[in-house]
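Peer 1: Okay, handing you the structure first.
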Amino acid sequence: MRRRRIASGGSGVVSSIRPLLLFIALFAGQLTTTAGQDDTLTVGPFVDTDSCYAAMLDADVDGDRALSGDEYVTMVQDLGPPGFMDDVTGFDDMPLALQGTFNSLACMCSGVDCCVGDNAQLSTVGAAPGDNATDSQTSFLFSVCMQT
């Protein structure tokens, strides 16, 4: 079988994840993207980066540009419907699936022990208005929003 290479135009993360977005749209049956000047991505009801980034920034109570496990709980509660996980007071009380999501995302870091114990965190660099996020940061932030 002969393989055909598909060329895509544009630059940056938005153009490199366009095939993923199209797959999601086919799977979900709907697609709404506003990719362009501001690199805001919305895929149907799945991912609204504006809301997600706002929840990330609001949850970062110590302002260190990274979410700890407990701050991630706050982010998830903010993104959920009213009353979602109201009984959860810390990371260890959160459903195991969400703990696993946090740990998986935290381990996308580049250090040896960067996702172990208290070192586990999710960077929010690139989420604030005015941040000039690199392609890598934008991709990571989108992964956090999509998987959460």
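The values are calculated or read from the model by the stated rules, or taken from the named source; none is laboratory data. What you are looking at is a predicted structure, and each value in this text was computed from that prediction instead of being measured. Please note: Cβ atoms are built from the backbone with ideal geometry, for glycine as well, and neighbour counts cover all protein chains shown. Each accessible area value is taken on the protein alone, full model and side chains, heavy atoms only, with ligands, DNA and RNA left out. Shrake-Rupley method; radii C 1.70, N 1.55, O 1.52, S 1.80 Å.
Peer 1: Between G83, G63, G90, G69, which is open to solvent by less than 20 Å² (accessible area, probe 1.4 Å), of a type in the set (G, A, S), without any contact (Cβ under 8 Å) to a residue 24 or more places away in the chain and out of contact with any strand residue (DSSP E or B) (no Cβ under 8 Å at 6 or more places or on another chain)?
Peer 2: Among G83, G63, G90, G69, only G90 is open to solvent by less than 20 Å² (accessible area, probe 1.4 Å), of a type in the set (G, A, S), without any contact (Cβ under 8 Å) to a residue 24 or more places away in the chain and out of contact with any strand residue (DSSP E or B) (no Cβ under 8 Å at 6 or more places or on another chain).
Peer 1: Taking segment 103-121, which residues are open to solvent by less than 50 Å² (accessible area, probe 1.4 Å), touching a strand residue (DSSP E or B) at 6+ places or on another chain (Cβ under 7 Å) and not small (G, A, S)?
Peer 2: L105, the sole residue that qualifies.
Peer 1: Select from segment 104-140 the residues that are aliphatic (A, V, I, L, M) and over 19 Å from D60 (Cβ atoms) and list them in ascending order.
Peer 2: Answer for segment 104-140, where residues must be aliphatic (A, V, I, L, M) and over 19 Å from D60 (Cβ atoms): V112, V116.
Peer 1: Residues in segment 121-148 that are on the phi < 0 side of the Ramachandran plot, out of contact with any Leu (no Cβ under 9 Å at 6 or more places or on another chain) and small (G, A, S): how many?
Peer 2: Adding up the residues that qualify gives 2.
Peer 1: On to the next question. Just one of V13, V43, V47, V88 is at pLDDT 90 or above and of a type in the set (V, I, T); which is it?
Peer 2: Among V13, V43, V47, V88, only V88 is at pLDDT 90 or above and of a type in the set (V, I, T).
Peer 1: Okay, next question. Do we find that D38 is acidic (D, E) and either modelled with pLDDT of 55 or more or more than 21 Å from T138 (Cα to Cα) (or both) in this structure?
Peer 2: no
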